[in-house]
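Below is one structure; the comments refer to it alone.
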Amino acid sequence: MTTKLTKEDVKSPDQVTKTLRQGFIWTTTHSNMVIGAVALFVVVGVGISIFGYFSNKKEMTQQEKYFVLEKNYTEVKRGFDEAARAELLAAQSKDKKAPTPTGKKASGDMQTDYGTVIAGFEAFLNEDSSSKAAQMAALNLSDIYLTYKKNDEALGVLQKVEKGLDKDDALTSLVWMQMGNVLANKNDCNGAVEKWENITKVKSLAFAHDEAKLRMGLCFESMNDLAKAETIYTELSGKQDPATTNFAASREAQKYLRLLKAKKNL
């Protein structure tokens, strides 16, 4: 995304608001990246050993069940993604003999596309919602619901696992981040800020602080609390330490800070 302001960007408050709403879309799409990293994080994320992290027998048992569900979900989702990508490439191709898109295309109906996957994740969560495996299942299931704009359902599955969160655990940041996304989608910015602020209060979750703060800034601005939004954008824009800075969030903050100042000068 460009950081250069166009005349349209500062033409009216409505345009600025539209840009901010696009920011919320950005945070939601970022959640796909976060969720996609769940399986990788188990092995390499945050210096956690898989053997130590899932040391107790019960957790290992739940993990084995979860990975079967995750494999099924990943395969179905990959098929839809590949079909959509092939269709896009075919549409953009100037070659009239371009190959017909292959693979199964998503129907747009959640039950048709993911009915069995959803049922598997739901049954797993109903069996045990306190494990790390359940938290990963909830993240994936919430991602499906968000894809089909089922915000209430997404929030519900995340709430099932929230009470079992360990505040010093990396998965906790993913769950709270996703809950904030859903609440923001529901226009509950106060609730969203609370979830993201939870992340910023935990030192061991420092890797997620900048992204959480950026989302808080967007919510504060949507609530017209421009002072708080500007404070957050300014803080993130000025960060330079490679060890503590999320530079993607910093660049976004610089852009939103410029938009905010333009908005205030209208």
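The values are calculated or read from the model by the stated rules, or taken from the named source; none is laboratory data. Quantities reported herein were computed from a predicted structural model and do not represent experimental measurements. Counting neighbours? That spans all protein chains shown, and the Cβs are built from the backbone with ideal geometry, glycine included. In case anyone asks, the SASA skips ligands and DNA or RNA and just uses the protein heavy atoms, side chains included. Shrake-Rupley method; radii C 1.70, N 1.55, O 1.52, S 1.80 Å.
A protection proxy built from the mean count of other Cβ atoms within 10 Å ranks the segments 143-153, 216-226, most packed first, as 216-226, 143-153.
A Cβ-based charge dipole, computed about the Cα centre of region 166-265 with Lys and Arg at +1 and Asp and Glu at -1, lands at about 440 debye.
Accessible surface area normalised per residue over region 166-265 is 43 Å², counting heavy atoms of protein chains with a 1.4 Å rolling probe. Summary of packing: across the peptides 201-207, 190-196, the per-residue average of other C-beta atoms within 10 Å ranks them, highest first, as 190-196, 201-207.
Using the average count of surrounding beta-carbon atoms within 10 Å as a protection proxy, the listed peptides 230-239, 80-89 rank, highest first, as 230-239, 80-89. Per-atom-type breakdown for region 166-265 gives carbon and sulfur 48% of the accessible area (1.4 Å probe, protein chains only).
A full extension of the chain between residue 265 and residue 194 corresponds to an added length of 22.6 nm, given 0.36 nm per residue minus the alpha carbon distance. Per 0.36 nm of contour for each residue apart, how much would the distance between residue 112 and residue 243 grow if the chain were fully extended, relative to their Cα-Cα spacing? Length difference between fully extended and current span is 42.7 nm.
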